[in-house]
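Peer 1: Below is the structure I would like to discuss, written out as structure tokens.
The values are calculated or read from the model by the stated rules, or taken from the named source; none is laboratory data. All values reported here derive from a predicted model rather than from experimental measurement. All Cβ positions, even for glycine, are placed from backbone atoms using ideal geometry, and neighbour counts span all protein chains on display. Just so you know, the surface numbers come from the protein's heavy atoms only, side chains and all, with ligands and any DNA or RNA stripped out. Shrake-Rupley method; radii C 1.70, N 1.55, O 1.52, S 1.80 Å.
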Amino acid sequence: MYYKGYRIESNRLKGWDYGSEADYFITICTKNAVNYFAEIQNGTLIKLPLWYVTKRYWQEICVHFPFVTVLDFVVMPNHVHGILRVNERNEETHHDVSLLVVNKFGPQKNNIPSIIRHFKGAVKRYANKNDIQFHWQSNYHEQILWTDWHFYNVRRYIRSNVESWKEEEK
């Protein structure tokens, strides 16, 4: 227990190294589900300026983390869904991890949490610099996609998310 509150238990898989080679389904939401990225009007997605920035920064994850492949994603009015693949690393992409001093929490870079921290920070910095009101929810959700069946179902969900959202709005 912490002063004036409780510690929120992590939703991360205990013992799993989130820098390990795998496919990860990521969902990142805006604070209080505010539609900072887009609005849906009459069944049409109306993209706001931050939508384009968020899309570009998600696509650029593999530039900043060359061991990651962006497999699929969608920017919705108040959240982002994406599949990131952490690939096997070679000396060129994994060299700095071996130089880290491992603390009791494990390496704190070149893993899913550091990738998401970088992405969220980049979008927030852009918003601040451009006087755009914007806030992320403090955490994010991830699932490890263990099987092809799971991967393809999540990919179908991502690709149909805009249509599903439009149906919910009716």
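Peer 1: I need the P(r) histogram for region 118-160: all alpha carbon pairs, bin width 5 Å from 0 out to the longest distance, whole percents.
Peer 2: With 5 Å bins starting at 0, P(r) equals 5, 18, 17, 14, 13, 16, 11, 6, 1.
Peer 1: Are there GluC sites (Glu not before Pro) in region 6-84 that DSSP marks as loop and that have at most 10 other Cβ atoms within 10 Å, and which are they?
Peer 2: Taking region 6-84 and a limit of 10 other Cβ atoms within 10 Å, the loop GluC sites (Glu not before Pro) found are Glu9.
Peer 1: By accessible area of protein heavy atoms, probe 1.4 Å, what ranking do His118, His81 get, highest first?
Peer 2: His118, His81
Peer 1: Mind giving me the nanometre distance, one decimal, between the label points for Ser164 and Glu21, set 7 Å out from Cα along Cα→Cβ?
Peer 2: Computed distance between label sites Ser164 and Glu21 equals 3.0 nm.
Peer 1: For the pair Ser114 and Thr69, how long in nm is the line joining their label points, each one 7 Å along Cα→Cβ?
Peer 2: 2.2
Peer 1: Using 0.36 nm per residue, how much length does the chain from Thr147 to Asn32 gain when fully extended, once their Cα-Cα distance is taken away?
Peer 2: 38.2 nm
Peer 1: Here's something else I'd like to know. Of the chymotrypsin sites (Phe, Trp or Tyr not before Pro) in region 117-166, which ones lie in a loop per DSSP and count no more than 12 other C-beta atoms within 10 Å?
Peer 2: Trp146
Peer 1: Using a simple spin-label model with points 7 Å from Cα along the Cα→Cβ vector, what separation in nm is obtained for Ser138 and Gln41?
Peer 2: 3.5
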